[in-house]
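The values are calculated or read from the model by the stated rules, or taken from the named source; none is laboratory data. Please read these numbers as outputs of a predicted model, since none were measured by experiment. With ideal geometry, Cβ positions are generated from the backbone for all residues, glycine too; neighbour counts draw on all protein chains shown. Quick note on the areas: whole protein, heavy atoms, side chains included, nothing else; ligands and nucleic acids left out. Shrake-Rupley method; radii C 1.70, N 1.55, O 1.52, S 1.80 Å.
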Amino acid sequence: MLENIRLAFQGIWSHKMRAFLTMLGIIIGIASIISIVSTIKGTNEQIKKNLIGSGNNTVEITLTDSGSDYDMEYGGIPEGVPLLTEETRKEILEIEEVEDAALYNFRDINEGVYYQNQSLTSGKIYGTDINYFSTCGYQVKKGRLFVDKDFEKFRKVAILESDAARNLFQGKDPIGKTIEIKGEPFTVVGLVEKTGEYEIVINSVEEYYTYMSESSGGVFIPAADWPITYQFDEPQSVVARAKTTEDMNKVGKEVAAILNEDVTSSNENLKYKASDTMDRAKSIQELSSTTNKQLIWIASISLLVGGIGVMNIMLVSVTERTSEIGLKKAIGARNETILYQFLTEAVVMTSMGGILGVGAGIVLAQVISKVSGAPVAISVPAILISVLFSMLIGIIFGLLPSIKAAQLNPIDALRHE
């Protein structure tokens, strides 16, 4: 085998330009596939990042009515939906794929949050437990988070997201200032922002309204103060952090199942449901992958052309080396030996084309990223498969010339001019 490989390199080196032009189809095909696959993978990761949120892996489980979030403000306290307890949270934490979980209430802000004459007209207000910020990946930018005493003594304190503070205080330091929430005074004790926050790209009016409340920031108060602000206890929602992005669907379903066990409402449409962020990401990824798979098939045509080129040049090589083949057979070389020699040469040639194609594909992917701004993630499995596939092309398209060489009559081969 090693001798065959040495002879293959010797043959390729003796006809460098011809060998390179033969490999060119393989190089172009492999490079095209590598760059397309890298773009697909990068785009899919970007979709996950945009829809799910920079690796936080959090999934929200909220009370819904006919699939839409239940509106506490207009629907009132739903019958048959009990308050969640710390025991419920501990049961959720027993799920293998769950890293952390927190209980919270939320409402959309429709005015009702003021600092002096300045109002916050969009965003959300949350009533959270002490675990909420660590679960959702918030970090303190200034001030502090909630402490146990805030809950035990029903302290009217609030924490603001950076966007909410900027909109409400217009650049002033919010720490220690008093804001009004539904007519109740709350002292701002902290300023937070999410780690790994990503920039939202808005391409349509629908996306604008989808993300408008999130981009306006959130206001957080202790869950113990929620009845003070909204006059009564309300069923909470749950946010759970999965160990991996792939676990999010399973975590959402299992947490929803735990919460729905205690729902006794006569309204069959009233149930806890996980947000479908992961499903949305998968749907867009499938659409993107379907489109790009067509491009991969188109790029594969160049591999077919490259394979035909390899077959052609190997047939030429057999013709050129007919006398050599006859001499080897005359001194005892078997048909299998001749077949393996030429087959090895074809595989070595296509493998070199595959390796050069991988390098060209990585460079091409980076160029596409720089020019178009499309995210790129190099796929190691795609690289390995491409090299193996190029070797397979060598075997398939090199087989016919190798068989032809092996079946030559030694006397006729020696007489060949």
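Some notes on this structure:
- With every protein chain in place, segment 72-193: carbon and sulfur % of accessible area (1.4 Å): 45
- Sequentially through segment 261-271, phi angles give Karplus couplings (6.51, -1.76, 1.60; θ = phi - 60°) of 4, 9, 7, 10, 5, 6, 7, 5, 7, 8, 7 Hz, Gly and Pro residues having no value and appearing as x.
- Applied to segment 307-316, the Karplus parametrisation 6.51 cos²θ - 1.76 cosθ + 1.60 on θ = phi - 60° returns per-residue 3J(HN,Hα) values of x, 5, x, 5, 4, 4, 5, 6, 5, 4 Hz, with x for Gly and Pro.
- 5 angstrom amide H check on Glu193, placed H, neighbours 5+ away: Gln139, Lys141
- For Lys253 and Asn117, a Förster radius of 51 Å and the Cβ-Cβ distance give a FRET efficiency of 0.65, rounded to the nearest 0.05.
- Inter-centroid distance (Cα atoms) of segment 126-175 relative to segment 334-369, Å: 59
- Note on segment 104-167: Rg/Rh from C-alpha atoms, Kirkwood Rh, equals 0.95.
- Cross-linked pairs Lys182/Lys250; Lys149/Lys194; Lys194/Lys243: Cα-Cα separations exceed 26 Å for Lys182/Lys250.
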